[in-house]
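Contents: one structure, followed by commentary.
What follows is calculated from the coordinates using simple rules that are stated; it is not laboratory data. Worth saying up front: this structure is predicted, and the values here are computed from it rather than measured. Counting neighbours? That spans all protein chains shown, and the Cβs are built from the backbone with ideal geometry, glycine included.
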Amino acid sequence: MTQWLAGLIDFASNMPCRAMEFNQIFCAVIQDTIKKTIYHLFPKDTSMYITILTDPVDQFESVFNYVELGEVFGLDNDPTKSIKSFLRNGKKF
């Protein structure tokens, strides 16, 4: 086996680890860039920061229905019934 092929196989066998390393570095760089940009646009001393909190149950129902997970999992077409069925049999999915 040639040297480059052996290296490629070694790289591919460690792909999940390498992807996580890349993700951590990439995310750190992106977060730093975003933070600098936001602080440039909205300086700490002259800006007010607010947040919007959503009810986790409302958020779950919204995502469940938007992504149509009831259909994905073969549950009832009625959103309320499909969510109830999903929650009752969660381990099945």
Within the set of pairs 6+ apart or on separate chains, which have a first residue in segment 59-87 that is surrounded by 14 or more Cβ atoms within 10 Å (Cβ to Cβ), a second that is assigned to a helix (DSSP H, G or I) and aromatic (Phe, Trp, Tyr), and C-beta atoms under 6 Å apart?
ILE83/PHE64
So, in segment 29-46, how many residues would count as being among the basic types (Lys, Arg) and either surrounded by 10 or more Cβ atoms within 10 Å (Cβ to Cβ) or assigned to a helix (DSSP H, G or I) (or both)?
2
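In segment 47-93, what count of residues is obtained for those that are assigned to a loop (DSSP other than H, G, I, E, B), among the aromatic types (Phe, Trp, Tyr) and under 21 Å from the mean Cα position of the chain (by Cα)?
2
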